[in-house]
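Visitor: Here's a structure for you.
The values are calculated or read from the model by the stated rules, or taken from the named source; none is laboratory data. Owing to the predicted nature of the structure, the values given are computational and were not obtained by experimental measurement. FYI the Cβ positions are ideal-geometry reconstructions off the backbone, even for glycines, and counts take in every protein chain you see.
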Amino acid sequence: MSSPTSPPTSGPRRVVVLGSTGSIGVQALEVVASAPERFRVVALAAGGSDPALLARQAVAARVEHVAVADERALPALREHLADAARAAGLGGWAPSLDAGEGAVERAAALPADVVLNGITGSVGLAPSLAALEAAAPGGPAEGAVLALANKESLVVGGPLVLAAAARAGGMARAVVPVDSEHSAIAQCLRGGRADEVRRLVLTASGGPFRGWSRERLEGVTPEQALAHPNFAMGRVITTNSATLVNKGLEVVEAHLLFGVPMERVDVVVHPQQLVHSMVEFVDGATLAQASPPSMLIPIALGLGWPDRVVDAGPGCDWTRAQSWDFEPLDDDAFPAVRLARAVGSAGGTAPAVYNAANEECVEAFLAGRTRFTSIVDTVARVVEESAAAPDVAGGTTADELALDDVLAAERWARARAREVLAPDAAGARR
């Protein structure tokens, strides 16, 4: 299947959006549409669950290339593209198409200035690596930036991503964080030198169950877990926010992104989510980045880094009286962050086991096959057992750890999580 091969050009930044039909991808296309003088989307990639939306996006942005991971979605995508093009008066227009295994990775490696990875889950690792390899000297997208919203890339494949980023000029040059917390930290770090940083402070909303006891959490339903108080996100990320697994992943990601030791990455609960994260410096000063809960600002900054995009998102309303609260994290009711620190410190494939087991548990919970509290309990058990599992390779550097090691550890973790959850699933069916 064909794909564009022309090198990046001057003028608007050429952007590839991975996961375009998801929440991050949809908002990224909003940012691009609002600033056509700054950005031009050249390629889109998605899983294939919504070919009609993908086709509309492709036509609206007049992209050169569209990739879909599920080859079974290709016929529907072709049909929707033709219909959308005719409706827009573009009868002779058609992008190149790619589908099936490796299609998203090939899209990530296209000539571009920015690759936004908005894919959810560990399937985003291979596209992140492909984008970074393409951005290395001599690559088809030499000098490109990976705008990273897929935190799992770093969590499950940390040594691999760090090595690929080093070949592309280093983390600070090649990777721009899009998660609101890490974008906030990146902005605050402009206020001092690396050797002046005392600690990073990630903020957490506390989710819909802030202040709940462990006992009360036992009866949480999927509908309750999906009711995030501030953000509209996908089902998996919203559930991860409710368990605070998402915050655990972010602690590991911050450690890797900014090279700050795990013990100097803290979490504080901030229900209003107006302060997105903070950096404390050695003189006692703390810099915070604040804005209303919205992903538009971090997405825009990821696309335009280091420059800001005018009117990318809403600002704080300082004419209105308001109070901002900060509370310590309850590690007993929400042990996911404590567990993430342990796997992040262990390194190797331990973070991949944590993430893969969690993905299986979240799927089971949303399907009504296990309890809310069983999610992190099961993840903890699988992580503990992985230390003695022969199929889970160790290694903490890219020289010791290969992508196949990560994938094998994930397969083992998913299978073991399903085994641990089986009694819960059987009880739910009775």
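Visitor: Taking the stated definitions as given, is G143 modelled with pLDDT under 95 and either under 21 Å from A69 (Cβ atoms) or not assigned by TED's automatic domain parsing to the domain that holds V406 (or both)?
Guide: Here the answer is no, as G143 does not meet what is asked.
Visitor: Looking only at residues that are touching a strand residue (DSSP E or B) at 6+ places or on another chain (Cβ under 6 Å) and closer than 28 Å to A166 by Cβ in region 282-305, which one is surrounded by the most Cβ atoms within 10 Å (Cβ to Cβ)?
Guide: The qualifying residue surrounded by the most Cβ atoms within 10 Å (Cβ to Cβ) is G302.
Visitor: Among the candidates S277, S241, which residue alone is surrounded by 23 or more Cβ atoms within 10 Å (Cβ to Cβ), small (G, A, S), at pLDDT 95 or above and within 22 Å of the chain's Cα centre (by Cα)?
Guide: S277
Visitor: Would you be able to say whether some residue in region 136-154 is of a type in the set (D, E, K, R), farther than 21 Å from E359 by Cα and assigned to a helix (DSSP H, G or I)?
Guide: Looking for residues that are of a type in the set (D, E, K, R), farther than 21 Å from E359 by Cα and assigned to a helix (DSSP H, G or I), one finds none in region 136-154, hence no.
Visitor: Condition check: more than 16 Å from the chain's Cα centre (by Cα) and either of a type in the set (S, T, Y) or over 27 Å from W318 (Cβ atoms) (or both). Does R264 satisfy that?
Guide: yes
Visitor: Can you find even one residue in region 340-360 that is charged (D, E, K, R) and within 17 Å of V236 (Cβ to Cβ)?
Guide: There is at least one residue in region 340-360 that is charged (D, E, K, R) and within 17 Å of V236 (Cβ to Cβ).
Visitor: Something else now. Hey, does region 294-313 have a residue that's basic (K, R) and either at pLDDT below 95 or closer than 24 Å to G192 by Cα (or both)?
Guide: yes
Visitor: Then there is this: From the list A333, A342, A321, exactly one residue is small (G, A, S), outside the structural domain of K151 (by TED's automatic domain parsing) and assigned to a helix (DSSP H, G or I). Which is it?
Guide: A342
Visitor: Let me ask you something else. So how many residues does region 311-325 have that are at negative phi and out of contact with any Leu (no Cβ under 7 Å at 6 or more places or on another chain)?
Guide: Summing the residues that are at negative phi and out of contact with any Leu (no Cβ under 7 Å at 6 or more places or on another chain) in region 311-325 gives 10.
Visitor: Identify all residues within region 165-178 that are surrounded by 24 or more Cβ atoms within 10 Å (Cβ to Cβ) and either at pLDDT below 95 or farther than 21 Å from S205 by Cα (or both); write none if there are none.
Guide: A165, A168, V175, V176
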